[in-house]
Each structure stands twice: as structure tokens, then as C-alpha cells.
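S.K.: Structure provided below as C-alpha cells; questions to follow.
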Amino acid sequence: MMEENTNNNSDSVNNELYNTLPEDNKKSTTTCCTNKCDKMFRIMNVLTFTGVIVLFILYFCCKKPSEKATVNNKGTGYSIAYVNSDSLMHEYKLFEVYKTSLEGSKKRMEDDMAVKAKKFEQDVADYQKKVQSYSITSDQAQKVEGELKQRQQQLLDLKDNLSNQLAQMELANQTALFDSIISALKSYNVNQKFDYILGYSKGSGILLANEKYDITPSIVEILNKNYDKKK
């Protein structure tokens, strides 16, 4: 109770002192208080805004970058190399041999097919002339027509067979090439000990590769040496 009375008395005294001031002094006092309050609020706003900016800078500028997997041949992480498939196929002797062999087989098959197809067309044209000139009987025409249909089917079957033969030859060549390349890579990697050896070519899933990890020349050298030994 005494404390409450003391506070009330203090407020009363302040009010009485304020009321005894002239009007100009009252306005001056009020204005002064208002200005001081405004300045304090401005300072607080500036400090708050500055604090936000500092936090923003500390978060984005001083944040540690995330760790990335090391991809090199000496540090920690995975060791990776690559082979340029386009260069490999261009420089590998066995690939050129298979390519020339396949193209030769394809040409021979196409030439044989063309000769038989041309002979068939000539026989069909001759049959049509005989029918139009009534130089053969109805029974003879039916017999020749049946033979021509049979030959036509034989030509279609021959075309399919030749295509299958070429596909099998190409598959066999590709398998032999792939096996020889894998064998060379394993031999090379005995000492190098790469974790991954990738295949790189234009249009592949790898868009860009550092040339210092290109081991194509070394692999081509091994492949051609192995090919020369088997000749």
C-alpha cells in the first residue's frame, strides 16, 4: 500500500509540475519526447533490417559447399577412365576386317538375288506375251503360271534367308569384337586398376569427357598387337 501511494504521489507531482509549465514549454516538451521516440524507432528498424541482411549474408555466403565425389586417378573416391568408341572402331584392325568381309558377303548375296530376280521378270514378261498372242494352250498357261508363282515364293524366301545370314554374320562379328575389347581392357586394367572404364562416343549418354582420362590409344595398341599375333 505504501509503495502504491508513493507511485501515485510521484505521478501527481509530475502532473503538477507539467501543468505549471507555460503552454510553449508544454508543446516543446511533447515535441521533444515525440522526436526522441521517432528516432528510437528508426534506429531499432535500421538495426533490425541490418541484422536480417547480416544473417542472409552469413547463411548464403559463408555456407560450406557440399562435398562432391572425387573422380580422379589419384585421390580418394572412384577412379574412372573411358574409351572413345568411334576412334576405337576406326583404328582397330579387326573391325575393318569384319566390315570388309560383311560388305563383300552382302554384295555377293545382292548380286545373286538380282540375277535371279531379273531372270524371273523376263520369264513373266515372256509368259504374258504368249498368253496375249494365244501361242500357248489354256493348260500350258496354267502350268507356267503355277511355276512362276512357285519361283516368286522361292525368291521371297531366298531374300529372307540372305537377310538372316547377314544378320547372323553381323552378330557374330560384333560378339567377337566385344569379347576382344573386353579382354584387352581387363589386361590393361591389371596394373591400372580403374573402378570404371566407360565407352564414350558422339550422341551417347556422356556429353563431355576430360581427355586426360582417355585411354583409347593404349587399348587400340593392345588390340592390334593381339590381332597381329593371331593372323
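S.K.: Looking at this structure, is residue 48 in a helix (DSSP H, G or I), modelled with pLDDT of 95 or more and of a type in the set (Ser, Thr, Tyr)?
M.R.: Working: in a helix (DSSP H, G or I): yes; modelled with pLDDT of 95 or more: no; of a type in the set (Ser, Thr, Tyr): yes.
Taking the combined requirement at face value, the residue does not satisfy it.
S.K.: Hey, among 87, 101, which residue is in a helix (DSSP H, G or I), under 30 Å from residue 191 (Cβ atoms) and out of contact with any Asp or Glu (no Cβ under 7 Å at 6 or more places or on another chain)?
M.R.: Going through 87, 101 in turn, just one is in a helix (DSSP H, G or I), under 30 Å from residue 191 (Cβ atoms) and out of contact with any Asp or Glu (no Cβ under 7 Å at 6 or more places or on another chain): 87.
S.K.: Out of the stretch 127-142, which residues are exposed (fewer than 12 other Cβ atoms within 10 Å of the Cβ) and not polar (S, T, N, Q)?
M.R.: Selection gives 129, 134, 139.
S.K.: Return only the number of the condition from (1) exposed (fewer than 15 other Cβ atoms within 10 Å of the Cβ); (2) in contact (Cβ under 8 Å) with a residue 24 or more places away in the chain; (3) more than 30 Å from residue 176 (Cα to Cα) that residue 101 does not satisfy.
M.R.: Result: residue 101 passes all but (3).
S.K.: Can you pull out the residues in the stretch 178-212 that are of a type outside the set (Gly, Ala, Ser) and surrounded by 13 or more Cβ atoms within 10 Å (Cβ to Cβ)?
M.R.: Within the stretch 178-212, 181, 185, 188, 189, 192, 194, 197, 198, 200 qualify.
The values are calculated or read from the model by the stated rules, or taken from the named source; none is laboratory data. None of the values given here were measured: they were computed from a predicted structure. Counting neighbours? That spans all protein chains shown, and the Cβs are built from the backbone with ideal geometry, glycine included.
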